[in-house]
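Student: Below you'll find the structure I mean.
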Amino acid sequence: MNITNIVSIKDLNHYYGEGRLKRQVLFNINLDIQAGEFVIMTGPSGSGKSTLLSLIGCLRSVQMGSLKVLGQELNSASEQKLTQARRNFGYIFQASNLVSFLNVEQNIATALDVKHHFNRAKKRQFTLDILEAVGLKDYLKSYPQALSGGQKQRVAIARALVTQPKLLLADEPTAALDSQTGRQTIELMRTLAKEQSTAVLFVTHDPRILDVADRIIEVGDGKLGLAYSQEIALALPGLQETHVSKMDVQPNVVTYAPKEVIFEEGDPADHFYIILKGKVEVFQKKLNQSEQILAHLGRGQYFGEIGLLKSDSKRSASIRVFETEPVTLMVVEKKDFQNLMTGSQLTETMIAETLQKRLNISAIATALPTLDNQTIEAILPHLERLRYGANSYIIHAGEVADAFYIIVSGYVEILKETETGESIVMNTLGVGEYFGEIGLMENRPRTSTVKVHAETNVDLIAIKSDIFQHFIQQHPVSKAEIARVVCQRLQALSQ
């Protein structure tokens with residue numbers, strides 16, 4: 001067993017009743033939970049969640065299969081060993097279960113008495129420290145009846161974590177709390193557990209707090225599996241979990257090794273990906289084979305939508321796993337992704353907004369490869385997206401230069417008028433190329449006319465003059481590169 005696994009379950013089965021009344025309630029459960037991992041378990045009432053939680057918590061005896069907690073096999077373990085194992089756990093339930101005739105300090109001290117034999121001064125210090133962590137240091141002498149529901153649960157969290165347990169089991173601890181208090185409670189629990197490297201198994205029906213999890217698992221009819229509808233709804237908030245669960249979507253779960261390339265720019269697009277665990281980086285290769293990192297994506301984020309939504313169905317960038325750890329992905333087939341997109345107008349809008357942002361980042365990075373990702377992100381709120389139809393004029397020679405343009409899709413023609421008044425095409429520019437820089441860099445009117453190619457529409461990023469001047473002054477390398485292009489184009493115009 002990996003020593004980082006606090007819980008390791010293999011082929012666990014469980015039954016209620018005997019003889020003809022015997023019925024199976026858990027079927028071939030396999031689960032590992034690592035130190036510091038916050039796992040949320042969902043599932044309908046009667047699905048087997050509470051039974052699984054009680055087995056892990058040593059409140060029931062293991063019948064079939066292997067269940068190890070802290071390396072201790074619980075199958076065939078004696079009652080004495082189960083009791084000893086329970087002392088290494090923390091428990092939090094829907095009801096805070098505080099002892100009404102003990103004050104806050106005394107309630108927490110009972111947990112320390114079970115596991116440690118501290119003197120009074122040390123117990124008091126531990127209690128003060130944990131109460132300060134949950135924001136209740138001033139309530140040391142208060143009794144439970146004087147506390148609000150949220151405050152009681154904070155005391156319950158303090159009591160569960162004061163001994164720094166290796167495993168914390170929580171059964172609907174936020175169910176009786178309002179949404180804001182429940183959110184604060186679970187975030188506090190997660191923060192303290194992470195600080196102590198405590199593994200947490202948290203049972204809940206509340207979809208509003210799923211995003212705090214490192215992983216979401218689901219129990220249905222006694223079987224444990226990926227909570228795919230919750231994960232999809234978490235990544236795509238416009239979709240309701242209940243709506244996703246009714247759709248015929250069958251994703252796969254795939255793990256990629258550190259540094260492994262998931263797909264490359266130009267590959268056919270046939271899948272949509274949601275990150276369940278780990279991180280990936282989005283990058284493009286330049287003509288000189290150098291790489292430009294466009295984005296870093298982690299848990300709950302997605303990628304692969306651009307190629308699925310583009311007309312040519314080709315990947316617009318490459319995706320690679322971070323070098324430090326593997327990544328686990330939910331992989332959705334193209335047809336299932338299309339079904340998801342028809343399930344919610346809000347989701348379609350949200351995907352379109354994400355698509356727009358990523359195309360903008362890609363176009364800026366291609367046009368100005370010396371800009372870092374942080375600078376590109378800073379430019380995004382200040383740009384404007386424009387679309388022109390075929391043969392449309394974008395700028396005319398002699399006009400005031402007020403914007404810098406980057407091509408996101410389509411082609412434009414740079415036109416020069418001859419002495420006879422005839423317009424000739426000096427250059428044709430495509431995706432990732434730019435124009436409009438001469439007037440801004442030289443502080444002069446437009447030197448050329450720019451027109452959309454006759455066979456395409458064009459999408460542009462427009463960056464206003466003041467924003468353009470600001471980031472150019474802040475990035476000398478990009479300024480020098482644009483200045484070089486200005487010189488080339490002015491030479492071409494003079495010929």
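The values are calculated or read from the model by the stated rules, or taken from the named source; none is laboratory data. As the structure is a prediction and not an experimental result, all values here were calculated from the model. Note: ideal-geometry Cβ built from the backbone for every residue, glycine included; neighbour counts use all protein chains shown. SASA here: full protein model, heavy atoms, side chains in, ligands and nucleic acids out. Shrake-Rupley method; radii C 1.70, N 1.55, O 1.52, S 1.80 Å.
Student: Does Asp312 meet the test of being in contact (Cβ under 8 Å) with a residue 40 or more places away in the chain and farther than 18 Å from Ala365 by Cβ?
Tutor: Values: in contact (Cβ under 8 Å) with a residue 40 or more places away in the chain: no; farther than 18 Å from Ala365 by Cβ: yes.
So Asp312 does not fit the description; no.
Student: Under 7 Å between Cβ atoms, at least 6 apart or on separate chains: pull out the pairs that start in the stretch 375-386 with a residue that is among the polar types (S, T, N, Q) and end on any residue that is open to solvent by 40 Å² or more (accessible area, probe 1.4 Å).
Tutor: Taking only residues 6 or more apart or on different chains, the pairs are Thr375/His475.
Student: Here's another thing I want to ask about it. Could you grab me the full set of residues in the stretch 75-122 that are more than 30 Å from Gly182 (Cβ to Cβ) and open to solvent by less than 60 Å² (accessible area, probe 1.4 Å)? Working first, answer last.
Tutor: Residues of the stretch 75-122 more than 30 Å from Gly182 (Cβ to Cβ): 75-84, 116-122.
Matches in the stretch 75-122: Asn75, Ala77, Ser78, Leu82, Thr83, His116, Phe118.
Student: Hey, can you tell me all the residues within the stretch 420-458 that are within 25 Å of Lys310 (Cβ to Cβ) and either open to solvent by 20 Å² or more (accessible area, probe 1.4 Å) or aromatic (Phe, Trp, Tyr) (or both)?
Tutor: At the first step, the residues of the stretch 420-458 found to be within 25 Å of Lys310 (Cβ to Cβ) are 428-435, 450-458.
Across the stretch 420-458, the qualifying residues are Thr428, Val431, Glu433, Tyr434, Phe435, Lys451, His453, Ala454, Glu455, Thr456, Asn457.
Student: Is there a residue being in a helix (DSSP H, G or I) and not basic (Lys, Arg) anywhere in the stretch 325-337? Spell out how you get there, then give the answer.
Tutor: Keep residues of the stretch 325-337 that are in a helix (DSSP H, G or I), which gives 334-337.
Filter again for not basic (Lys, Arg), leaving 336-337.
Yes.
Student: List the helices (runs of 4 or more DSSP H) that sit entirely inside the stretch 159-263 and contain at least 1 residues that are closer than 17 Å to Leu276 by Cα, open to solvent by 10 Å² or more (accessible area, probe 1.4 Å) and without any contact (Cβ under 8 Å) to a residue 40 or more places away in the chain. Let's see the steps before the verdict.
Tutor: Working: elements: 179-196, 228-235, 241-246.
Result: 228-235, 241-246.
Student: Output yes when any residue across the stretch 102-123 is in a loop (DSSP other than H, G, I, E, B) and modelled with pLDDT of 90 or more, and no when none is. Steps first, answer last, please.
Tutor: Keep residues of the stretch 102-123 that are in a loop (DSSP other than H, G, I, E, B), which gives 102-103, 116-119.
Still in the list and also modelled with pLDDT of 90 or more: 102-103.
Within the stretch 102-123 (the criterion being in a loop (DSSP other than H, G, I, E, B) and modelled with pLDDT of 90 or more), the answer is yes, since at least one residue qualifies.
Student: For Arg446, all conditions in the list (1) among the charged types (D, E, K, R); (2) in contact with an Asp or Glu (Cβ under 9 Å, 6 or more places away or on another chain); (3) in a strand (DSSP E or B) hold save one; what is the number of the exception?
Tutor: Arg446 satisfies every listed condition except (3).
Student: Then there is this: Go through the stretch 284-299 and give me each residue that's crowded, with 16+ Cβ neighbours inside 10 Å and within 15 Å of Leu329 (Cα to Cα).
Tutor: So the first thing to find is which residues in the stretch 284-299 are crowded, with 16+ Cβ neighbours inside 10 Å, and the list is 284, 292, 294-295, 297, 299.
Those that are crowded, with 16+ Cβ neighbours inside 10 Å and within 15 Å of Leu329 (Cα to Cα): Leu297, Arg299.
Student: Now a separate question. So Ala317 passes all but one of these: (1) under 24 Å from Arg489 (Cβ atoms); (2) crowded, with 19+ Cβ neighbours inside 10 Å. Which condition number does it fail?
Tutor: Evaluating Ala317 over (1) under 24 Å from Arg489 (Cβ atoms); (2) crowded, with 19+ Cβ neighbours inside 10 Å leaves (1) as the failure.
Student: Shifting gears a bit: Lys137 versus (1) modelled with pLDDT under 90; (2) under 26 Å from Thr110 (Cβ atoms); (3) surrounded by 15 or more Cβ atoms within 10 Å (Cβ to Cβ); (4) not polar (S, T, N, Q): which is the lone unmet condition?
Tutor: Lys137 satisfies every listed condition except (3).
Student: Is the stretch 6-28 home to any residue that is in contact with a strand residue (DSSP E or B) (Cβ under 8 Å, 6 or more places away or on another chain) and within 21 Å of Arg159 (Cβ to Cβ)? Full working, then the answer.
Tutor: Residues of the stretch 6-28 in contact with a strand residue (DSSP E or B) (Cβ under 8 Å, 6 or more places away or on another chain): 6-17, 22-28.
Filter again for within 21 Å of Arg159 (Cβ to Cβ), leaving 6.
Yes, because at least one residue in the stretch 6-28 is in contact with a strand residue (DSSP E or B) (Cβ under 8 Å, 6 or more places away or on another chain) and within 21 Å of Arg159 (Cβ to Cβ).
Student: Does Arg154 meet the test of being at pLDDT below 90 and open to solvent by 70 Å² or more (accessible area, probe 1.4 Å)? Explain how you work it out, then say what you get.
Tutor: Details: at pLDDT below 90: yes; open to solvent by 70 Å² or more (accessible area, probe 1.4 Å): no.
For Arg154, the condition - at pLDDT below 90 and open to solvent by 70 Å² or more (accessible area, probe 1.4 Å) - is not met.
Student: Quick check: anything in the stretch 268-283 of a type outside the set (Gly, Ala, Ser), open to solvent by 70 Å² or more (accessible area, probe 1.4 Å) and free of Cβ contacts under 8 Å to residues at least 40 places away in the same chain?
Tutor: Within the stretch 268-283, not a single residue is of a type outside the set (Gly, Ala, Ser), open to solvent by 70 Å² or more (accessible area, probe 1.4 Å) and free of Cβ contacts under 8 Å to residues at least 40 places away in the same chain.
Student: Report, by residue number, each residue of the stretch 449-480 that is touching an Asp or Glu at 6+ places or on another chain (Cβ under 9 Å) and farther than 15 Å from Tyr405 by Cα.
Tutor: Once the filter is applied, which keeps residues that are touching an Asp or Glu at 6+ places or on another chain (Cβ under 9 Å) and farther than 15 Å from Tyr405 by Cα, the stretch 449-480 yields His453, Ala454, His475.
Student: Now a separate question. Among the residues of the stretch 401-433, how many are in contact with a helix residue (DSSP H, G or I) (Cβ under 6 Å, 6 or more places away or on another chain) and closer than 19 Å to Asp312 by Cβ?
Tutor: 2
Student: Same structure again: Of all residues in the stretch 32-57, which are open to solvent by less than 10 Å² (accessible area, probe 1.4 Å) and aliphatic (A, V, I, L, M)?
Tutor: Residues satisfying the conditions are Ile33, Val39, Ile40, Met41, Leu52, Leu55, Ile56.
Student: Within the stretch 466-484, is even one residue modelled with pLDDT of 90 or more, outside any helix (DSSP H, G or I) and open to solvent by 10 Å² or more (accessible area, probe 1.4 Å)?
Tutor: No: zero hits.
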